[in-house]
1. Quick one: 3J(HN,Hα) in Hz for the stretch B:47-59, Karplus 6.51/-1.76/1.60 with θ = phi - 60°, rounded, Gly and Pro as x.
2. Tabulate in residue order the Karplus-calculated ³J(HN,Hα) for the stretch B:3-11, using 6.51 cos²θ - 1.76 cosθ + 1.60 with θ = phi - 60°, rounded to whole Hz; enter x for Gly and Pro.
3. In whole percent, how big is the carbon plus sulfur part of the accessible area of the stretch A:4-111, probe 1.4 Å, protein atoms only?
4. So what is the relative contact order of the stretch A:4-111, in percent, for Cα pairs below 8 Å that sit 6 or more residues apart?
5. Nearest 100 Å² is fine: what is the total accessible surface buried where chains B and A meet, probe 1.4 Å?
Amino acid sequence: GESVGLHLPTLSVQEGDNSIINCAYSNSASDYFIWYKQESGKGPQFIIDIRSNMDKRQGQRVTVLLNKTVKHLSLQIAATQPGDSAVYFCAENISGYNKLIFGAGTRLAVHP
Amino acid sequence: EAEVAQSPRYKITEKSQAVAFWCDPISGHATLYWYRQILGQGPELLVQFQDESVVDDSQLPKDRFSAERLKGVDSTLKIQPAELGDSAMYLCASSWRGRAGTGELFFGEGSRLTVL
C-alpha cells in the first residue's frame with residue numbers, strides 16, 4: 001500500500017551545523033504532515049507540523065518544507081545541538097482517516 | 001505535566017506465553033491508539049479506540065492479539081500466544097476526540113517486549 005518513506009537512514013552532522021532530514025510520501029490524499037523526534041527508549045515527541053495548503057512552516061530552530069509537486073517533505077534544524085541526536089520520523093494523516101502513518105525514520109547523530 | 005502512562009516498561013517472555021500491556025491515557029482524551037514499533041522502523045498502528053469502541057483494528061493480528069478499553073479510559077493490549085516476531089516496542093498514544101489530524105497525539109514511553 002501507499003506509505004511514507006525516508007531517503008537517508010542515518011545523518012551525521014557537526015555541532016552547530018544545519019541539518020536537513022528528508023521524507024518522501026506517496027499518498028496524494030494526505031492533507032497533514034508531522035515530524036516526530038524519538039530519543040532512545042522514549043516515545044515519539046511532536047516537533048512541528050504542516051498542512052497541505054502550506055509549503056513552509058517555521059518553529060524554534062526548525063523549519064518544515066512541503067513540496068506537493070514531488071511529494072517531498074523536509075525538516076531543517078538550525079544550529080544542530082547534541083540534544084538533537086535522535087531518530088526523526090515523518091508521519092502523514094490521510095484525509096478522512098484520522099490516523100497517522102509513520103515513515104521508517106532517520107537517525108541524526110550530532111558530533112562535537 | 002499530564003502524560004500517557006504505560007506498564008510494564010520492559011517484558012521478557014518465552015514464546016507461547018501470554019503477555020499484557022496496560023495504558024492510561026491523558027485525562028479527558030477520548031481517542032486511544034496502540035502502535036507497534038519494530039527496532040529500526042516507524043510505529044505501525046495496531047488498534048484505535050474512540051471512547052470504548054474500536055474504530056480501526058485492520059492491522060491487528062486478531063488470531064493472537066486482543067485489545068480492550070472497557071470503560072473508555074485505560075486500555076489493555078494482550079498477546080497470546082507470543083511469538084518471536086512479536087519482539088518490539090508497544091506504544092500507546094492518546095488525543096482529544098478525533099484530533100490525530102492536528103498533531104495532538106501524545107505518546108507514552110512504551111513497553112519493550114522481548115520474546116525468547
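1. 8, 10, 10, 10, 6, 9, 9, 7, 10, 7, 9, 5, 9
2. 8, 7, 9, 9, 8, x, 6, 9, 9
3. Carbon with sulfur: 47 percent of the solvent-accessible area.
4. Relative contact order comes out at 38 percent.
5. Chain pair B/A: roughly 1500 Å² of buried accessible area.
The values are calculated or read from the model by the stated rules, or taken from the named source; none is laboratory data. Remember, predicted model here, so these are calculated numbers, not experimental data. For accessibility, only protein heavy atoms count, side chains too; no ligands or nucleic acids. Shrake-Rupley method; radii C 1.70, N 1.55, O 1.52, S 1.80 Å.
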